[in-house]
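**Q** Dropping the structure in here first, questions after.
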Amino acid sequence: MKIFILTSLFLFTLSIGYTQVKISGTITSTRGNLIANVNIILKDSYDGATSDSKGQFEFTTLEKGPHTIEFSALNFGKDSVKVNIDSKNLILALIIKEEINTLHTVNISAGSFITGDKQKGAVLSSLDIATIAGARADVFAAMQTLPGAQTSFSESGLFVRGGAASETKTYFDGMLVKSAFNATVPDQASRGRLSPFLFKGTSFSAGGYSAQYGQALSSTLILESTDLPEKTTTGISLLTVGAGLDQNIRLKNSAITVGAYYYNLKPAYSVIKQQNQYIKAPELIGGNIQYKAKTSETGIFKFYASYAKTNLSLNSTDVNFDSVNYFSNNNTNTYINTSYKEYLNRNWKIEAGAAYNKDSNAGMMAVNSYSREDDMAEGRLTLTNYFGKLSNLKFGGEMFNTKRLESYNGLQRYYNDQLSSAFAETDLYLNANVVARLGLRAEYSSYLHQYNLAPRTSLGLKTGLNAQVSFAYGRFYQNPEDEYLIIKALEFEQAEHYILKYEINTPFRNFRIEGYYKNYGKLTKTTNGNLDNSGSGYAKGFELFWKDKKTISNIEYWFSYSFLDTKRNFRDFPALATPSFAAKHTATMVYKQFISILNTQVNATYTFASGRPYVNPNNLIYLADKTKSYNNLSLSLSYLTHVCKQFTVLYLNASNIPGFNNVYGYQYSKDGQNRKTIMPASKRDFLIGMLITIGDNTFVR
């Protein structure tokens with residue numbers, strides 16, 4: 001019996017040795033590189049192995065007949081091969097394809113700067129925008145530290161690559177913001193209305209932007225609002241210019257935010273000497289309400305409404321009569337924005353929105369009364385179809401209803417335009433290294449009685465693990481400015497952009513160099529007292545950007561430089577000339593350091609701009625004189641602490657610390673004998689504040 005058992009075990013073991021089959025081999029990428037940690041399994045069995053550091057694998061199986069071997073790895077796709085297993089060992093040479101995913105693929109980036117906390121290729125975080133020294137938490141001022149944008153001097157807005165402020169448009173969750181800036185004062189730029197804490201991402205395009213957006217000859221600033229807050233919190237802001245209160249209420253699948261503020265610059269102006277003689281310093285009161293709700297796992301509805309009222313009055317010097325001119329402005333602004341987006345299934349996404357903006361200004365200029373009212377309503381719908389690994393096709397349309405009503409000493413004029421647009425655009429990923437964007441936008445203006453058709457295209461080519469080259473071309477149209485349209489229906493103004501960029505992006509460093517050429521046509525011009533579209537111009541240049549947040553511990557900095565060569569013949573220009581808002585050289589250095597031992601964030605910003613042209617009637621050459629160079633060094637400190645056990649930031653911002661005597665330009669009298677120097681509102685400026693958050697141990701607004 002014992003001999004029988006031993007013999008049976010021997011024969012059984014021998015039979016196993018004969019029926020097991022060894023499957024071995026190597027696995028490489030499509031580029032021929034040996035790949036480790038690839039899971040190789042025999043489908044519908046427990047047999048398999050993982051490749052070693054040399055890409056080799058080996059396992060045995062008792063299975064027989066036709067089978068499938070599956071293999072997969074992180075950052076690679078899942079693939080399989082068919083095999084027929086008999087009594088012979090198998091030696092395989094497997095090839096696995098690299099996965100096309102958003103972290104390792106080329107993207108469309110020509111002309112664009114992406115900011116945000118979780119945005120691919122983002123060069124600035126949301127906190128960066130809020131804490132840039134000198135910007136005072138103004139989104140538009142923060143954008144001026146990026147290449148392509150010029151420091152705004154005596155006019156509100158973003159001046160990008162030789163374009164006027166009216167050539168840059170701001171979008172809030174895809175909807176155009178008609179009046180993005182606070183009430184204006186003659187010869188002084190004002191800050192933006194929208195708080196940077198409203199947004200989780202920003203895309204600043206200096207040119208070549210998407211066919212989804214229009215009515216901007218130079219640039220777009222696309223702001224994406226935050227989703228639901230994590231907690232219920234209360235924010236209190238106490239500043240030297242006023243105070244604010246925000247209440248976030250987080251519900252299960254929705255949230256409500258209510259905020260209010262009151263600012264009065266009179267106390268600050270009593271300490272900081274102003275160039276203008278204010279009779280009533282700017283006084284601003286306003287509030288906003290937000291509601292956000294998750295409609296599904298992938299859907300969200302957002303509602304935002306704000307109201308603001310500003311009053312001011314001042315005396316400014318009249319260069320013609322050696323006297324002063326009275327100016328007053330009572331401004332009210334209402335803005336409503338609602339949006340909805342949802343993934344209908346794996347392949348389709350819908351985005352819809354509606355917005356309304358009303359901005360009213362009224363007051364006195366010397367002894368003359370004036371008023372101006374701008375209304376704009378917009379509706380928008382976009383559908384996106386995803387196909388392939390990363391490719392997509394977007395198409396949709398939007399409608400704008402724009403009105404302006406002006407009054408001067410009781411005399412009124414008015415215009416109304418219905419602008420309809422449709423767009424289609426596709427991002428085609430040929431592989432992980434090449435992507436092409438092809439887009440087309442069409443518009444029709446009922447007031448101009450004109451159509452336009454704007455082709456846009458971009459190409460991205462990955463040249464290394466973190467490097468890529470991008471090219472963009474596009475044609476862009478916009479209506480002439482309201483101040484001209486209310487006089488006469490003209491034609492669309494137009495521009496063409498050519499952009500070439502090389503960039504290297506790593507998690508800690510960013511470098512980019514970009515060159516561009518813009519060709520302007522049909523610009524609005526005054527010819528012999530009549531308005532027409534005979535204006536033209538060009539802008540060309542190159543820009544550099546470098547950001548480093550790794551070389552020195554707790555320190556990050558970025559440097560930007562812009563070279564601009566531009567001339568245009570528009571408005572009342574008698575000849576082709578460099579406009580007064582264009583500086584040939586602009587450079588900005590931003591420095592940020594967190595000093596742990598002091599629990600303090602230190603920020604510094606230095607800005608340089610070469611002199612800008614101004615009109616001197618005593619010089620026969622138009623816009624041939626230039627101001628001296630502009631310099632500004634600003635500093636901000638944020639000390640993190642607790643007050644009454646609540647998280648608190650003590651904040652100090654000081655602008656133009658060295659006291660540079662900057663000049664924005666000159667205004668001459670009609671006979672050319674007298675001139676007025678246009679200067680910043682004050683030589684130096686500072687702001688002190690205490691920001692308290694109740695309910696969270698971080699800064700929340």
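The values are calculated or read from the model by the stated rules, or taken from the named source; none is laboratory data. Source: prediction; values computed, not measured. Here Cβ is always computed from backbone atoms with ideal geometry, including for glycine, and neighbour counts include all displayed protein chains. With ligands, DNA and RNA removed, areas are computed over all heavy atoms of the protein, side chains included. Shrake-Rupley method; radii C 1.70, N 1.55, O 1.52, S 1.80 Å.
**Q** Could you work out how far apart the two model spin labels at residue 22 and residue 260 are, taking each label as a point 7 Å from the Cα in the direction of the beta carbon, and quote it in nm?
**A** 8.2 nm
**Q** With each label point set 7 Å from Cα along the Cα-Cβ vector, what nm distance links residue 532 and residue 519?
**A** 2.1 nm
**Q** Then there's this: Sort 376, 399 by accessible area with a 1.4 Å probe, largest first.
**A** Details: 376 5, 399 105 Å².
Result, largest first: 399, 376.
**Q** Specify which residue in the list 301, 240, 66 is farthest towards the positive end of the charge dipole of the chain, using unit charges on the beta carbon of Lys, Arg (+1) and Asp, Glu (-1), about the Cα centre.
**A** Checking the options against the dipole of the chain, the answer is 66.
**Q** P(r) tail for region 286-361, what percent of Cα pairs lie past 14 Å? Please list the in-between numbers first.
**A** Numbers: 2048 of 2850 pairs.
Cα-Cα pairs in region 286-361 separated by more than 14 Å: 72 percent.
**Q** Turning to a different aspect of this structure: Per-residue accessible area for residue 90 at 1.4 Å probe radius, Å² rounded to 10?
**A** For residue 90, solvent-accessible area is about 40 Å².
**Q** Greater than 19 Å separation of Cα atoms is the criterion. Which listed pairs, 97/462; 518/567; 501/522, meet it?
**A** Working: 97/462 17 Å; 518/567 11 Å; 501/522 28 Å.
Going by Cα-Cα distance, 501/522 fall outside the 19 Å limit.
**Q** Provide 437, 612, 346 ordered by accessible surface of protein heavy atoms (probe 1.4 Å), highest first. Mind dumping the intermediate values first?
**A** On the way: 437 55, 612 10, 346 215 Å².
If we order 437, 612, 346 from most to least accessible, we get 346, 437, 612.
**Q** Please state the shape class of region 555-701: rounded when a/c is under 1.5, otherwise prolate if a/b exceeds b/c and oblate if not, all from the C-alpha gyration tensor.
**A** On the way: a/c = 3.24, a/b = 2.54, b/c = 1.28.
Note, shape of region 555-701 comes out prolate.
**Q** Taking the inverse of the average 1/r across all pairs of different Cα atoms in region 153-261, what Kirkwood radius in Å do you get?
**A** Details: mean 1/r = 0.0623 Å⁻¹.
Taking the inverse mean of 1/r over all distinct Cα pairs, region 153-261 comes out at 16.0 Å.
**Q** Another question, then. For region 252-400, rounded, prolate or oblate, judged on the Cα gyration tensor with a ≥ b ≥ c (square roots of eigenvalues), a/c < 1.5 rounded, else prolate if a/b > b/c?
**A** Numbers: a/c = 3.41, a/b = 2.38, b/c = 1.43.
Prolate.
**Q** Further question on the same structure: Using a probe radius of 1.4 Å on heavy atoms only, what accessible surface per residue do you get for the chain? Whole Å² is fine. Walk me through the numbers before you get to the answer.
**A** On the way: 32690 Å² over 701 residues.
Ligands and nucleic acids excluded, the figure is 47 Å² per residue.
**Q** For residue 644 and residue 239, calculate 0.36 nm times their separation in residues minus their Cα-Cα distance, and state this gained length in nm to one decimal. Walk me through the intermediate numbers first.
**A** Numbers: separation 405, 0.36 × 405 = 145.80 nm, distance 1.83 nm.
Difference between extended and current length: 144.0 nm.
**Q** Measure nothing but the geometry: give the 0 to 90° angle between the long axis through the Cα atoms of 2-19 and the longest principal axis through the Cα atoms of the chain, rounded to 10°.
**A** The two axes meet at around 40 degrees.
**Q** If you don't mind, another one. Using 20 Å as the Cα-Cα cut-off, could you pick out the over-long pairs in 294/394; 302/403; 403/488; 178/394; 302/389? Display every interim value, and only then the final one.
**A** Working: 294/394 23 Å; 302/403 26 Å; 403/488 14 Å; 178/394 24 Å; 302/389 29 Å.
Those over the limit are 294/394; 302/403; 178/394; 302/389.
**Q** Nothing charged except the Cβ atoms of Lys and Arg (+1) and of Asp and Glu (-1): what's the magnitude of the dipole of region 544-701 about its Cα centre? Round to the nearest 20 debye.
**A** 200 debye
**Q** Let me check the size of region 444-488 from its C-alpha atoms; what are the radius of gyration and Dmax in Å?
**A** 18.1, 55
**Q** Can you tell me the dipole magnitude for the chain around its Cα centre, using point charges on the Cβ only (Lys, Arg +1; Asp, Glu -1), in Debye to the nearest 20? Write out the running numbers ahead of the final one.
**A** Working: 71 positive and 56 negative charges, 163 e Å.
My answer is approximately 780 debye.
**Q** Ok, one more. Rank 315, 276, 407 by how far each Cα sits towards the positive end of the charge dipole of the chain (+1 on Lys, Arg Cβ; -1 on Asp, Glu Cβ) and give me just the farthest.
**A** Farthest along the dipole direction, towards plus: 276.
**Q** Determine the calculated [θ] at 222 nm for the chain from helices alone, applying -39500 (n - 2.57) to every DSSP H run no shorter than 4 residues and normalising by the residue count; nearest 500 deg cm²/dmol. Don't skip to the end; give the middle numbers.
**A** Values: 5 runs with 39 residues, N = 701.
Dividing the helical sum by the residues of the chain leaves -1500 deg cm²/dmol.
**Q** Could you please tell me the mean projected area of the C-alpha convex hull for region 476-549, averaged over all directions and given in square nanometres to one decimal?
**A** On the way: hull surface 27.0 nm².
So the Cα hull casts an average projection of 6.7 nm².
**Q** Under unit Cβ charges (Lys, Arg +1; Asp, Glu -1), what dipole magnitude, rounded to 20 debye, does region 184-274 have relative to its Cα centre? Provide the component values of the computation, followed by the final result.
**A** On the way: 8 positive and 5 negative charges, 44 e Å.
The calculated dipole for region 184-274 is roughly 220 debye.
**Q** For residue 319, what accessible area in Å² do you get when you roll a 1.4 Å probe over the heavy atoms of the protein chains, rounding to the nearest 10?
**A** It works out to around 20 Å².
**Q** Order 585, 497, 67, 449 by their accessible area, 1.4 angstrom probe, all chains in place, largest first.
**A** If we order 585, 497, 67, 449 from most to least accessible, we get 449, 585, 67, 497.
**Q** Output the relative contact order of region 455-608, whole-number percent, from Cα pairs under 8 angstrom with separation of 6+ residues. Numbers along the way, then the final one.
**A** Working: 367 pairs, mean separation 22.6, N = 154.
That works out to 15 percent.
**Q** State whether region 419-516 is rounded, prolate or oblate according to the following rule on the C-alpha gyration tensor (a ≥ b ≥ c being the square roots of its eigenvalues): a/c under 1.5 gives rounded; otherwise a/b larger than b/c gives prolate, and the remaining case gives oblate.
**A** Working: a/c = 3.76, a/b = 2.22, b/c = 1.70.
Prolate is the answer for region 419-516, as a/c is 1.5 or above and a/b outweighs b/c.
**Q** Follow-up. Relative contact order of region 406-459: what whole-number percent is it, with Cα pairs under 8 angstrom and at least 6 residues apart?
**A** Reported relative contact order: 30 percent.
**Q** Out of the total accessible area of the chain (probe 1.4 Å, heavy atoms of protein only), what percent is carbon and sulfur? Walk me through the intermediate numbers first.
**A** Numbers: 18890 of 32690 Å².
Ligands and nucleic acids excluded, carbon and sulfur give 58 percent.
**Q** Continuing with the same structure: ³J(HN,Hα) across region 465-482 via Karplus (A = 6.51, B = -1.76, C = 1.60, θ = phi - 60°), whole Hz, x for Gly/Pro?
**A** Per-residue couplings from phi come out as 4, 10, 10, 7, 10, 10, 9, 9, 9, x, 10, 9, 10, 7, 5, x, 4, 4 Hz.
**Q** Under the definition of Cα pairs under 8 Å and six or more residues apart, what whole-number percent is the relative contact order of the chain? Working shown, then result.
**A** Details: 1949 pairs, mean separation 69.0, N = 701.
Relative CO of the chain lands at 10 percent.
**Q** Same structure, new question: Obtain the nm distance between the two label points defined at residue 407 and residue 598 by a simple spin-label model: each point lies 7 Å from its Cα along the Cα-to-C-beta direction.
**A** Here the modelled spin labels are 5.4 nm apart.
**Q** Right, something else. Which residue, 471, 457, 553, has the largest displacement toward the positive end of the dipole of region 428-568 when charges sit on each Cβ (Lys, Arg +1; Asp, Glu -1)?
**A** Comparing the listed Cα positions along the dipole, 553 ranks first.
**Q** I would also like to ask the following. How high is the FRET efficiency between residue 683 and residue 591 when r is their beta carbon distance and R₀ equals 25 Å, given to the nearest 0.05? All intermediate terms of the calculation are to be shown ahead of the outcome.
**A** Values: r = 23 Å, r/R0 = 0.91.
Result of the calculation: an efficiency of 0.65.
**Q** Answer with a single label: of [x] 26.1; [y] 29.5; [z] 28.7, which was calculated as Kirkwood radius over Cα pairs in Å from the structure in view?
**A** Matching the structure shown: [z].
**Q** Still on this model: Which value, in Å² and to the nearest 10, is the accessible area of residue 21 when all protein chains are kept and the probe is 1.4 Å?
**A** 0 Å²
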